[in-house]
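Input: a single structure, listed below in structure tokens.
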Amino acid sequence: MYAFTTANAHFVTDRLVVGGDLETSDTDLALAQLQELVAAGVTHMLDTRAERSDQAVVAEHAPEVAYLHLGVDDDGQGKPSAWFDVAVAWLDEAMASPNTVALVHCHMGVNRSPSLAFAYLLHSGMGIRAALDAIRSARSIAVIDYADAALTWHHQRTGASASRRTADRAELTRWRSENNLDAIEVVRTIRANEALMEAARELGQGSALLCDADRRAVGGCWLFQVSSEWADSWRADWDADEPWLLPISRHRDEVMPGDVVLLWEMGPRDMAGLFGYAVVTETGLNTTRPRRWDEPDGPSTQAKALEVEPLLVAPEVLLTRTLLKPAPALSDFELFVMPNRPNIFKVTHREFDAIAALLRRRAG
């Protein structure tokens, strides 16, 4: 079966595809994903998200694809039988044509769409374990959290006996025990990967962000190193729509508004690294900071500061020191030859390009 390279989807059978949604923050990528789905033979799309719909996008760019928006919340609660009724009836009618290939998708392709695919496979005559194995084998991140609701729906629809229901639920419980996936860990990993992809896209042009059309330098790039505690506090409130003040003692007369600031978390060699970036909005400010960086609650003093607007703060380090340090372009990287303490460091355009290239490579 076809293996998607752009679209976030997997073939479960030769005519049923399960996956996540089209990219929500990059229109060009979303259209490329849609184009790949169509090229792979997808003729029908069943969207299970309550929070979003791509009906207009599909109608404009792939009008030949039949689209059904049947959204529910991914709230951990049981799903109504009517939801399965409508979805399975729509898929059943579509599959009457031998040329149909149907995509069932939600946002991440973890719970809602795999659970609906499970219901359809049960309806099609596939056994419980075989259906679950087919979904998990195709899509390793499928937790299928609403399998219980799908099974209840199937029992009601087929008039299963009490003994049949008991045996089937025991089979589902055994499968979960043997194939356990932590949904929280799966979602955390997906979000970390999404942050990596976003960083790769936004920094992927390298120093083009800092140059004009003729490649003349029009902006500078810096790196601000902080402790893990500080980094975690930024992660907790980075989207609070408030600028940050970064105390600096070096390069303070060189940093200009519009410059890019890479955010670096301190730590052991294989854990320290890039975890986000910001843009300088104002310079020449003052802020209160601890006299010693390793005593955050100790005596404080006034320090020069930058105001920055955070654009990305990832839940985990995107590129570790271990991955960056061997790069030839980073042999003279100021961060790597200065004392390991919170401060601001200069990043040349060549070094910025090397960091962006490694991000692209890691993001695939």
Given the structure, is Ala40 in contact with a strand residue (DSSP E or B) (Cβ under 9 Å, 6 or more places away or on another chain), among the small types (Gly, Ala, Ser), surrounded by fewer than 15 Cβ atoms within 10 Å (Cβ to Cβ) and farther than 30 Å from Thr152 by Cα? no
Checking Gly267, Gly258, Gly273 in turn, the sole residue that is small (Gly, Ala, Ser) and either loosely packed, with under 15 Cβ neighbours inside 10 Å or not assigned by TED's automatic domain parsing to the domain that holds Ser233 (or both) turns out to be Gly258
Quickly run through the stretch 259-275 and pick out the residues that are modelled with pLDDT under 90 and within 14 Å of Ala356 (Cβ to Cβ). Val260
Where residues in the stretch 168-193 are exposed (fewer than 14 other Cβ atoms within 10 Å of the Cβ) and either of a type in the set (A, V, I, L, M, F, W, C) or not in a loop (DSSP other than H, G, I, E, B) (or both), which of them is farthest from the chain's Cα centre (by Cα)? Ala170
Which members of the stretch 236-257 meet the condition of being part of a loop (DSSP other than H, G, I, E, B) and under 27 Å from the mean Cα position of the chain (by Cα)? Trp238, Asp239, Ala240, Asp241, Glu242, Pro243
Cβ pairs under 9 Å, 6+ apart or interchain, first in the stretch 2-29 and over 16 Å from Leu91 (Cα atoms), second assigned to a strand (DSSP E or B) and of a type in the set (Gly, Ala, Ser), ordered by first then second residue, are Phe4/Gly19; Ala7/Gly19; Asn8/Gly19; Ala9/Gly19; His10/Gly19; Gly20/Ala9
Return yes or no: is Asp297 without any contact (Cβ under 8 Å) to a residue 24 or more places away in the chain, of a type in the set (D, E, K, R) and assigned to a loop (DSSP other than H, G, I, E, B)? yes
Single residue of the stretch 336-353 satisfying the filter (assigned to a helix (DSSP H, G or I) and crowded, with 21+ Cβ neighbours inside 10 Å) that is nearest to the chain's Cα centre (by Cα): Phe352
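The values are calculated or read from the model by the stated rules, or taken from the named source; none is laboratory data. Not measured: the values here are computed from a predicted model. Methodologically, a virtual Cβ is constructed for each residue, glycine included, from the backbone with ideal geometry; neighbour enumeration extends over all protein chains shown.
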